[in-house]
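Comments concern the structure below.
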Amino acid sequence: MAMIDEPLYPIAVLIDELKNEDIQLRLNSIRRLSTIARALGEERTRKELIPFLSENNDDDDEVLLAMAEELGVFIPYVGGVEHANVLLPPLETLCTVEETCVRDKAVESLCRIGSQMREKDLVEYFILLVKRLAAGEWFTARVSSCGLFHIAYPSASETLKTELRTIYSQLCQDDMPMVRRAAATNLGKFAATVEPTYLKNDIMSIFEDLTQDDQDSVRLLAVEGCAALGKLLEPQDCVAHILPVIVNFSQNQLYELCEAVGPEPTRSDLVPAYVRLLRDNEAEVRIAAAGKVTKFCRILSPELAIQHILPCVKELSTDSSQHVRSALASVIMGMAPVLGKDATIEQLLPIFLSLLKDEFPDVRLNIISKLDQVNQVIGIDLLSQSLLPAIVELAEDRHWRVRLAIIEYIPLLASQLGVGFFDDKLGALCMQWLKDKVYSIRDAAANNVKRLAEEFGPDWAMQHIIPQVLDMINNPHYLYRMTILHAISLLAPVIGSEITCSKLLPVVVNASKDRVPNIKFNVAKVLQSLIPIVDQSVVEKTIRPCLVELSEDPDVDVRFFANQALQSSDQVMMS
């Protein structure tokens with residue numbers, strides 16, 4: 001009896017679990033469909049499992065969603081592409097359910113299966129499925145059908161293609177707004193498969209109807225896809241059909257359309273439209289337009305950008321909305337390479353300086369983070385003369401994020417300014433940041449000191465950084481003393497064993513006598529980091545005795561880190 005029952009076991013278990021009241025059990029069962037299909041074999045999967053799934057689709061949305069997802073990768077389990085059509089019925093049913101996410105996943109799976117099906121099977125099964133859904137009585141079926149036309153169309157005969165275009169046109173005029181929305185959303189994908197002749201006549205007629213729909217949401221979705229349509233058309237058709245819609249409705253598509261229509265229409269039609277958006281009464285529109293100003297200027301010639309866009313940029317730099325200024329500051333530096341050196345010096349530098357002094361910290365931050373783009377165009381000499389006073393001022397900004405941005409920019413500035421200029425103007429600032437009230441600033445300042453030592457070399461560090469850093473180890477506030485220990489651990493690998501042993505190590509050992517446990521266990525950590533850098537004799541004579549003393553400290557954390565460092569020392573000795 002067991003021999004007879006065994007082949008039926010997987011399908012029997014599935015039926016049993018799919019009828020269970022526990023949704024998690026039903027969900028797990030659906031997610032194991034591929035395992036069950038392998039157990040059944042290809043033929044029984046086609047004849048038993050798939051028909052069973054087609055009949056049992058009245059379940060929770062979560063289970064149906066999992067089923068729609070599983071079926072999308074089921075072609076290998078039903079015997080390959082020649083049998084792919086057996087997967088269409090259950091997915092067709094899922095395309096009609098009420099829950100949107102289930103329908104969307106079913107459409108996605110149908111597209112995946114359809115893209116692998118043989119041409120004759122597409123004609124025989126897939127196109128008929130699309131037509132059935134498009135003619136569905138319930139709107140959900142018609143909504144789902146809109147996402148399948150681009151798969152069905154290329155394989156259809158001329159007669160069927162004409163019929164599919166007609167059906168799609170009818171869906172775009174459907175009584176239900178949800179159907180028209182779906183048709184508008186998928187129009188670009190369908191248009192990409194349609195022949196150029198019909199694209200210009202049929203598809204553009206559909207597009208124009210959708211952009212004049214009485215529902216805002218339908219018009220919006222149609223307009224969102226217009227740039228994709230514009231790229232399929234010849235430039236003159238694009239200007240005639242797409243440009244009026246863009247100018248009236250959608251500034252987000254302007255940039256993409258410029259590339260599609262070429263320089264002449266861009267000059268005559270799109271620049272005035274963009275300028276209107278930069279000067280719009282609504283701050284939200286100006287924010288969106290300002291954020292794209294560099295991208296738009298890249299499409300134009302420098303002369304056109306200077307003539308039409310730059311005056312608007314000057315106005316926006318003093319806009320009443322801080323968010324408009326912030327959006328502009330995040331991209332304006334990118335205009336420097338577009339406009340060239342002379343225009344940047346004459347026109348953009350004053351705007352940069354104005355934004356660097358803006359009262360809103362995000363504006364200042366956005367400018368600082370992109371300074372290197374300007375440097376590439378105008379050179380460091382001019383940049384330092386023009387912007388360095390503002391940078392020095394921002395180094396003491398009351399907003400810590402602004403100070404942090406400046407610190408992160410310092411090593412780049414140092415490498416470009418050179419050691420002499422750096423010592424005069426910025427050296428003192430770097431030491432000042434080590435005593436900042438905000439931990440993130442002190443941490444960044446310690447990293448900054450290390451990067452400067454890497455840039456200018458150990459000799460420079462020994463002369464200009466290390467004496468000043470070591471002086472701070474006696475600061476009355478323990479948090480500042482901890483920052484110095486952190487800076488020492490970062491500097492040691494850069495400056496080498498000799499200076500570490502002669503200058504840094506004595507300071508660290510002395511700090512092990514500190515009264516604050518946090519300092520002492522940080523000393524243990526620093527000593528552990530110095531073990532691989534210094535000679536073995538120094539480890540034995542200086543580091544280990546200090547760690548042994550710390551390992552007997554009353555504080556549990558100090559003992560823990562000291563013992564950890566001692567173990568590390570033992571491992572180094574053994575190796």
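The values are calculated or read from the model by the stated rules, or taken from the named source; none is laboratory data. Quantities reported herein were computed from a predicted structural model and do not represent experimental measurements. Reconstructed Cβ throughout: ideal geometry from the backbone, glycine too, with neighbour counts over all protein chains shown. Side chains are part of the model used for accessible areas, which takes the heavy atoms of the whole protein and leaves out ligands, DNA and RNA. Shrake-Rupley method; radii C 1.70, N 1.55, O 1.52, S 1.80 Å.
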| field | Set 55, 48, 70: member being over 22 Å from residue 146 (Cβ atoms), modelled with pLDDT of 85 or more and of a type in the set (Asp, Glu) | value | 70
| said: Restricting to region 431-446, give me the number of residues that are open to solvent by 50 Å² or more (accessible area, probe 1.4 Å) and either under 19 Å from residue 464 (Cα atoms) or free of Cβ contacts under 8 Å to residues at least 40 places away in the same chain (or both). | reply: 3
| Only one of these conditions is not met by residue 246: (1) over 25 Å from residue 351 (Cα atoms); (2) modelled with pLDDT of 60 or more; (3) not acidic (Asp, Glu). Which number is it? | (2)
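Within region 546-558, track down each residue that is under 10 Å from residue 512 (Cβ atoms) and free of Cβ contacts under 8 Å to residues at least 12 places away in the same chain. Step through it out loud before you land on a result.
Taking region 546-558 and keeping what is under 10 Å from residue 512 (Cβ atoms), we get 546-547, 549-550, 553, 558.
Correct list: empty.
Look at residue 271 and say whether it is open to solvent by less than 20 Å² (accessible area, probe 1.4 Å), in a helix (DSSP H, G or I) and of a type in the set (Val, Ile, Thr).
For residue 271, the condition - open to solvent by less than 20 Å² (accessible area, probe 1.4 Å), in a helix (DSSP H, G or I) and of a type in the set (Val, Ile, Thr) - is met.
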| field | Which listed residue is at pLDDT below 75 and acidic (Asp, Glu), from 303, 284, 264, 315 | value | 264
| said: Between a residue in region 449-463 that is charged (D, E, K, R) and any residue that is in a helix (DSSP H, G or I), which pairs come within a Cβ distance under 7 Å, given they are 6 or more apart or on different chains? | reply: 450/490; 450/491; 450/494; 451/411; 454/494; 455/411; 455/414; 455/415
| field | Pairs, first of a type in the set (Asp, Glu) in region 118-132, second surrounded by 14 or more Cβ atoms within 10 Å (Cβ to Cβ), C-beta under 8 Å, six or more apart | value | 119/155; 121/81; 121/84; 121/85; 124/85
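Give the number of residues within region 178-202 that are within 35 Å of the chain's Cα centre (by Cα) and either among the β-branched types (Val, Ile, Thr) or open to solvent by 30 Å² or more (accessible area, probe 1.4 Å) (or both). It would help to see each step written out before you state the result.
Residues of region 178-202 that are within 35 Å of the chain's Cα centre (by Cα), as a first pass: 178-194, 199.
Subsequent filtering for residues that are either among the β-branched types (Val, Ile, Thr) or open to solvent by 30 Å² or more (accessible area, probe 1.4 Å) (or both) retains 178-179, 181, 185, 189, 192-194.
The qualifying residues number 8.
Does any residue of region 114-128 turn out to be polar (S, T, N, Q) and buried (at least 19 other Cβ atoms within 10 Å of the Cβ)? Lay out the reasoning, then the answer.
Keep residues of region 114-128 that are polar (S, T, N, Q), which gives 115-116.
Restricting the remaining residues to those that are buried (at least 19 other Cβ atoms within 10 Å of the Cβ) gives none.
Looking through region 114-128, none of the residues is polar (S, T, N, Q) and buried (at least 19 other Cβ atoms within 10 Å of the Cβ).
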| remark: When region 491-525 is checked residue by residue, the ones that are assigned to a helix (DSSP H, G or I) and more than 19 Å from residue 538 (Cα to Cα) are 517, 518, 519, 520, 521, 522
| message | Restricting to region 344-366, and then to whatever is among the β-branched types (Val, Ile, Thr) and more than 18 Å from residue 295 (Cβ to Cβ), can you tell me which residue is most open to solvent (accessible area, probe 1.4 Å)? | response | 345
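Condition check ((1) of a type in the set (Lys, Arg); (2) crowded, with 23+ Cβ neighbours inside 10 Å; (3) assigned to a helix (DSSP H, G or I); (4) over 20 Å from the mean Cα position of the chain (by Cα)) across all residues:
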residue: 286; (1), (2), (3), (4): yes, yes, yes, yes
residue: 295; (1), (2), (3), (4): yes, no, yes, no
residue: 298; (1), (2), (3), (4): yes, no, yes, yes
residue: 304; (1), (2), (3), (4): no, no, yes, yes
residue: 325; (1), (2), (3), (4): yes, yes, yes, yes
residue: 342; (1), (2), (3), (4): no, no, yes, yes
| Residue count, region 548-575 (criterion: under 47 Å from the mean Cα position of the chain (by Cα), more than 16 Å from residue 525 (Cβ to Cβ) and among the acidic types (Asp, Glu)) | 1
| note | region 100-178: helices (runs of 4 or more DSSP H) wholly inside it with 1 or more residues that are among the charged types (D, E, K, R) are 100-114, 127-134, 139-145, 158-171
| Going by the conditions given, is residue 470 at pLDDT 85 or above and either among the aliphatic types (A, V, I, L, M) or part of a loop (DSSP other than H, G, I, E, B) (or both)? | no
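Each row is one residue, and each column tells you yes or no for (1) of a type in the set (Phe, Trp, Tyr); (2) touching a Leu at 6+ places or on another chain (Cβ under 9 Å); (3) modelled with pLDDT under 75.
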{"residue": "177", "(1), (2), (3)": "no, no, no"}
{"residue": "180", "(1), (2), (3)": "no, yes, no"}
{"residue": "195", "(1), (2), (3)": "no, no, no"}
{"residue": "235", "(1), (2), (3)": "no, no, yes"}
| task | Within region 527-575, track down each residue that is surrounded by fewer than 12 Cβ atoms within 10 Å (Cβ to Cβ) and among the small types (Gly, Ala, Ser). | result | 537, 575
| Counting only residues that are modelled with pLDDT under 85 and closer than 13 Å to residue 431 by Cα, how many does region 476-514 have? | 0
| request: Please list, ordered by first then second residue, the pairs with beta carbon atoms under 7 Å, 6 or more apart or interchain, first in region 78-94 and open to solvent by less than 10 Å² (accessible area, probe 1.4 Å), second not in a helix (DSSP H, G or I). | output: 84/116; 84/117; 87/74; 90/57; 94/57
| of a type in the set (Gly, Ala, Ser) and either part of a helix (DSSP H, G or I) or under 36 Å from the mean Cα position of the chain (by Cα) (or both) - does that describe any residue in region 77-85? | yes
| query | Would you say residue 367 is modelled with pLDDT of 75 or more and either assigned to a helix (DSSP H, G or I) or closer than 19 Å to residue 310 by Cβ (or both)? | reply | yes
